[in-house]
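Presented below is the structure to which this report refers.
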Amino acid sequence: MTKKHEDTSADRPTKESLIAQVIDALPDWITHLIQINSLIANQMGVVTNDFHCLHALQQDGPATASTLAGRVGLTPGSVSRMIDRLDAADCIKRVPDPDDRRRVLIEPTGQGLERIGAYYAGLTARTHEDLAAFDDEQLRTLLRFIEVFRRSAVAEVGRLRSTDSGE
């Protein structure tokens, strides 16, 4: 029989090495999520930016074309073409703004949201199964992690958009 390994503080990774491991693991995870979104967008007959628009509409509700352009980082001309593609794919509809009849809002269609849900069904089911292995405190930590890094990513998008790279 082998001697049972005792867990000593010398055997435990340092906080710095754990931070490095998390940072090193994120790009691979993010790359796979980007690939999933790209594959789903392709199967829906739209491009990835169009798919990001649908996500923004699903999360934040109907919006004007200019608001959508800001949310997904597109020019007004690009967002116009995106809206046309999403409309042709039956993923969005144009509706009058109830607060200002001169404006048009873009909103996702039920069919478009159902299609997205169907494509994500497998990942959603696996995620539920994976998360069931975590206790309540671990889930709270995951939620905190996601929110902290979502805010950080939003801030970085803003910084990069406002920075002139000189190229």
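What follows draws every value from the coordinates through simple rules; no lab data is involved. Note that the structure is predicted; figures quoted are calculated from it, not measured. As a convention, Cβ positions derive from the backbone with ideal geometry for all residues, glycine included, and neighbour counts pool all protein chains shown.
The table for this structure:
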quantity	calculated
The chain: radius of gyration over Cα atoms, expressed as a fraction of 2.2 N^0.38 Å	1.38
Share of pairwise Cα separations in segment 40-132, more than 24 Å, in percent	23
Pairwise FRET efficiency - residue 43 versus residue 144, Cβ, R0 = 35 Å, nearest 0.05	0.55
Residue 124-residue 64 pseudo-label distance in nm [points 7 Å out on the Cα-to-Cβ vector]	3.2
Fraction of the pair-distance distribution of segment 93-167 above 13 Å, Cα-Cα pairs, percent	80
Simple spin-label estimate for residue 161 and residue 35 in nanometres, 7 Å along Cα-Cβ	2.9
Packing-based ranking, highest mean first, of 131-137, 88-94, 117-123 given that Cβ atoms within 10 Å are counted	88-94, 117-123, 131-137
Integer Hz, Karplus 6.51/-1.76/1.60 couplings in order for segment 95-110, x for Gly and Pro	10, x, 6, x, 8, 7, 4, 7, 9, 10, 9, 9, 9, x, 8, x
Options 26, 145, 46, ranked by Cα towards positive dipole end of the chain, top entry (Cβ charges)	46
Relative contact order for the chain, counting Cα pairs under 8 Å that sit 6 or more residues apart, in percent	15
